[in-house]
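Okay, so here's the structure we're looking at.
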Amino acid sequence: MQASIELNRTPAVQYLLRIGDTCLVLAQRLGEWCGHAPVLEEDIAMANIALDLVGQARALLTHAGRIEGCEHDEDQLAYLRDERDYFNLTIAELPRGDFAFAVVRNTMVSTLLKLLWQRLAASNDPEVAAIAGKAVKEARYHQQHSGDWVVRLGDGTDESRRRTEKALKQLWLYMPELFFSDAVDAEASASGLGPAWSELRDPWLAEMQQVLDAAGLAMPKEAAFRSTGKHGVHSEHMGYILAEMQHLQRSFPGGVW
């Protein structure tokens, strides 16, 4: 069994992994829709969105490995870290849920990523800026696709509306974590690597409000609860995701296609 790597937790590395890990883990959840979406077109769409997120994760993990200085490549960072060394948003690791849950989560996360990539396009790190230039186009499509579904379900049947409202209330509990800033954010902002995520709160709320208004849904109130995935402290669901993601690489170290 392959042993875990030791991660060099510099602020810059953590900042990039917060984004890359969120993309990676959400892609894993979206992959669970393959063969289970309500219509064939959405089966393909979910898989394509997952592939886009994997591409974004690969680029960020590769770059994080370079600046980490320990010669860890994208595969080692994806498959050989312990749970506490993943820094994804907790919302990304929650179980798949029903289709309403999936599209509400996609809307929330893709809106954040779109705003973040827009700002990262001006990063003083040329590699990050280049990654952002491509990723923002993908995130814009992800936001539009999932947002359109939120509107269709919220303004659809009584059952689709009920499920969408339920998903929104469940997921909104994890919203505050998106915009919690700490020393990692402060360092990234001061160095010019990227913005503090708290700076994205107001534009994110404004864009989410537009989607919810079109769907005829009320924006939930912010809860006092604060999830902590960005700090490596995860929900009980994270271990199951990693067990599935990491099994092959840990069982057959260095295996390649």
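The values are calculated or read from the model by the stated rules, or taken from the named source; none is laboratory data. Computed from a predicted structure; not experimentally measured. Note that we place each Cβ from the backbone using ideal geometry, even for glycine, and neighbour counts take in every protein chain shown.
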In the set Arg58, Arg81, the lone residue that is among the charged types (D, E, K, R) and either more than 12 Å from Leu24 (Cβ to Cβ) or in a helix (DSSP H, G or I) (or both) is Arg58
If we ask which residues in the range 61-92 are under 17 Å from Gln249 (Cβ atoms) and small (Gly, Ala, Ser), their number turns out to be 2
Scanning the range 175-207 for residues that are over 16 Å from the mean Cα position of the chain (by Cα) and acidic (Asp, Glu), the one surrounded by the fewest Cβ atoms within 10 Å (Cβ to Cβ) turns out to be Asp202
Selection from the range 12-35 of residues farther than 30 Å from Glu187 by Cα and free of Cβ contacts under 8 Å to residues at least 60 places away in the same chain yields Gly31, Cys34, Gly35
Practice problem: Go through the residues of the range 36-50 one by one and say whether even a single one is loosely packed, with under 14 Cβ neighbours inside 10 Å, small (Gly, Ala, Ser), over 19 Å from the mean Cα position of the chain (by Cα) and not in a helix (DSSP H, G or I). | Solution: no
- Take Met1 and decide whether it is buried (at least 20 other Cβ atoms within 10 Å of the Cβ) and farther than 20 Å from Gly133 by Cα. no
- Quick check, is Asn8 assigned to a loop (DSSP other than H, G, I, E, B) and not charged (D, E, K, R)? yes
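For the condition crowded, with 24+ Cβ neighbours inside 10 Å and either touching a His at 6+ places or on another chain (Cβ under 9 Å) or farther than 19 Å from Arg140 by Cβ (or both), what is the one hit in Gln28, Gln14?
It is Gln14.
Is it the case that Ala167 is under 16 Å from the mean Cα position of the chain (by Cα), surrounded by 19 or more Cβ atoms within 10 Å (Cβ to Cβ) and at pLDDT 95 or above?
The answer is no for Ala167.
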Within the range 177-207, the residues that are part of a loop (DSSP other than H, G, I, E, B) and not small (Gly, Ala, Ser) are Phe179, Phe180, Asp182, Leu193, Pro195
* Asked: Could we say that Arg66 is surrounded by fewer than 21 Cβ atoms within 10 Å (Cβ to Cβ), part of a helix (DSSP H, G or I) and at pLDDT 95 or above here?
  -> yes
How many residues of the range 86-108 are assigned to a helix (DSSP H, G or I) and touching a Ser or Thr at 6+ places or on another chain (Cβ under 7 Å)? The answer is 8
Of those in the range 208-247 that are free of Cβ contacts under 8 Å to residues at least 40 places away in the same chain and in a helix (DSSP H, G or I), the residue farthest from the chain's Cα centre (by Cα) is Asp213
Log entry, pairs with first residue in the range 62-81 being of a type in the set (S, T, N, Q), second being crowded, with 20+ Cβ neighbours inside 10 Å and modelled with pLDDT of 95 or more, beta carbons closer than 8 Å, six or more apart or on different chains, reads Gln76/Gly65
